[in-house]
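**Q** Okay, handing you the structure first.
Values in this text are rule-based calculations from the coordinates and carry no lab data. All values reported here derive from a predicted model rather than from experimental measurement. All Cβ positions, even for glycine, are placed from backbone atoms using ideal geometry, and neighbour counts span all protein chains on display.
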Amino acid sequence: MSRLFGPDFVTQKYLRRYPNSQRAKSWAGVMVHIQTENGVWRTGGHGYTWAGKPDAWIIPFEDAVRQIDHCGPEKMGKFIRAAAAA
């Protein structure tokens, strides 16, 4: 079984199971990447890349959750904390 959360990520599965948890609430306002089974989404959800690459989409957590709300568990949705700009 894969992990539901870590210091730099939280899964869609976790958020659906524990939507009102302190951990879920702690992600409010955080800038994240969206990752599904094929990789990290590129800007606008057009294709896939890796977290940290210049073309990786970085959006607020709340918007990211809405973007993949329609996805089922087979997509393995995950939100990865985006690195702060240097």
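**Q** Which peptide among 31-37, 45-51, 7-13 comes first, and what is the full order, when sorted by highest mean count of other Cβ atoms within 10 Å?
**A** For the peptides 31-37, 45-51, 7-13, the packing ranking is 31-37, 7-13, 45-51.
**Q** Same structure, new question: Rounded, prolate or oblate: which one fits segment 3-86, using the alpha carbon gyration tensor with axes a ≥ b ≥ c (rounded when a/c is under 1.5, else prolate when a/b beats b/c, else oblate)?
**A** Oblate.
**Q** Mind putting a number on the dipole of the chain about its Cα centre? Charges go on the C-beta only, +1 for Lys and Arg and -1 for Asp and Glu, and I need it in Debye to the nearest 20.
**A** 280
**Q** Additional query: Would you compute, from DSSP H runs of 4+ residues alone, the mean residue ellipticity of the chain at 222 nm, taking -39500 (n - 2.57) per run and dividing by the full residue count, rounded to the nearest 500?
**A** -4500 deg cm²/dmol
**Q** Right, another one. Charges on Cβ only, +1 for Lys and Arg, -1 for Asp and Glu, centred on the Cα centroid of the chain; of 59, 15, 39, which one is farthest towards the dipole's positive end?
**A** 15
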